[in-house]
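Below is one structure, written out as C-alpha cells, with a few remarks after it.
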Amino acid sequence: RCRFLIEGHSDARVAPAGSPGKWERAARRAVAIRLALASAGIDDDRVEELAAFADTRLALPSDPLNPGNRRVTIVIPYDEPSPRP
C-alpha cells in the first residue's frame with residue numbers, strides 16, 4: 001500500500017506584518033493537499049509525513065522570490081524489491 005510524504009514550500013518573500021509568514025504559508029499548502037487527498041478518498045494513515053520547508057529548498061534557487069518556489073511536493077517512497085532467488 002502506497003504511502004505519501006507531503007512537503008510545503010514557499011518563496012523567500014517577507015510577508016507584511018500581521019500576515020502569515022513563509023513557514024505558515026508552506027505548512028498551509030501541505031495541509032491543503034492532505035485535505036484534498038482525504039476528500040479524494042485517500043486515508044490519512046497513508047500520509048506518513050507532512051512537512052513545511054518554507055524557502056529552505058527552493059525550486060528556483062537563483063530566483064528566490066519567484067512564485068514558482070511556492071509549491072507542494074508529494075513524495076512517494078519505495079522500498080527496493082528483494083532480489084529474486
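The values are calculated or read from the model by the stated rules, or taken from the named source; none is laboratory data. Note that the structure is a prediction, hence the values are computed from the model and not measured. Cβ coordinates were reconstructed from backbone atoms using ideal geometry, including for glycine residues, and neighbour counts include every protein chain displayed. For accessibility, only protein heavy atoms count, side chains too; no ligands or nucleic acids. Shrake-Rupley method; radii C 1.70, N 1.55, O 1.52, S 1.80 Å.
Summary table below
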quantity: Residue check, R70 in contact (Cβ under 8 Å) with a residue 24 or more places away in the chain, open to solvent by 60 Å² or more (accessible area, probe 1.4 Å) and in contact with a helix residue (DSSP H, G or I) (Cβ under 9 Å, 6 or more places away or on another chain); calculated: yes
quantity: Residues located in the stretch 1-38, provided they are of a type outside the set (A, V, I, L, M, F, W, C) and out of contact with any helix residue (DSSP H, G or I) (no Cβ under 8 Å at 6 or more places or on another chain); calculated: P16, G18, S19, G21, K22, E24, R25, R28, R29
quantity: Index of the failed condition, E7 passing every other in (1) surrounded by 13 or more Cβ atoms within 10 Å (Cβ to Cβ); (2) outside any strand (DSSP E or B); calculated: (2)
quantity: Number of positions in the stretch 17-31 that are farther than 22 Å from Y78 by Cβ, within 13 Å of the chain's Cα centre (by Cα) and either in contact (Cβ under 8 Å) with a residue 40 or more places away in the chain or open to solvent by 80 Å² or more (accessible area, probe 1.4 Å) (or both); calculated: 5
quantity: Members of the stretch 49-67 that are closer than 19 Å to V14 by Cβ, outside any loop (DSSP other than H, G, I, E, B) and either in contact with a Gly (Cβ under 9 Å, 6 or more places away or on another chain) or free of Cβ contacts under 8 Å to residues at least 24 places away in the same chain (or both); calculated: A52, F53, A54
quantity: Members of the stretch 35-48 found to be open to solvent by 60 Å² or more (accessible area, probe 1.4 Å), in a helix (DSSP H, G or I) and of a type outside the set (S, T, N, Q), listed by number; calculated: L35, D44, D45
